[in-house]
Amino acid sequence: MDVAANLATIQQEIDNVCMQKNRNPNDITLIGVTKYVTIERTREAIDAGIVNLGENRLEGFLEKYAHFTNEAKWHFIGTLQTRKVRDVIDKIDVLHSLDRISLAKEIEKRANKPVDCFVQVNVSGEASKHGLAMEEVLPFIEQLALFQKINVVGLMTMAPHTDDKEKIRSVFKQLHALRVSVQNKGYPFAPCNYLSMGMSNDYQIAIEEGATHIRIGSKLVGSDH
């Protein structure tokens, strides 16, 4: 597994899609998802130039954070249990999974500074996925006006695991349209400039549909599982 070579390949694909879509590749934030790999592989990723790292389990995150505290921007991309907020919230740069008021309240109570948050949306409506239903998103974001420590930077979703590219594209299109609806409200606490969508198997489609943050694990750093 050559992380630097994988990164070069992915970057080339990002550049190609951006050229076709008249987008600036610098507008795409690549998050290396290191949840399934060792400390050593994570070190390779950092050495290859990955500055944004994503973890989705508290234990794995804390272990990596202890090793690489100031060497990366940390994105927590998994479901965050309310009782674990205190262990994580001041160590991460971005939370990709805000999906309930109880979590917002705990962040408000525990965070020492405002936290950039993506609101997680279950666009596909699959029972196995976390996140708000599409119609719940605007009312939810309106409730966040009361919270000083939450800055809604964007929306996040996961597409279904399918080979049906049009189904995947439809999910990303819907999230993009929803983000525009939020932006049009002009909330100062929810600029909602970003879209976190696209993983190893579908990030090119995500970029075509407006993704600004892509979360890539296996294609970049492989998997130890």
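Please treat every number below as a calculation from the coordinates, not as lab data. From a predicted model like this one, the values you see are computed outputs, not experimental measurements.
What the table shows:
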| quantity | calculated |
| --- | --- |
| Cross-link table K149/K219; K21/K91; K21/K149; K64/K105; K149/K173; K21/K84, entries beyond 31 Å C-alpha to C-alpha | K149/K219; K21/K91; K21/K149; K21/K84 |
| Prolate/oblate/rounded call for the range 53-152, Cα gyration tensor, a/c under 1.5 rounded | oblate |
| Residues whose placed amide H lies under 5 Å from that of D99, excluding near-sequence neighbours | Q120 |
| Prolate/oblate/rounded label for the chain (Cα gyration tensor, a/c 1.5) | oblate |
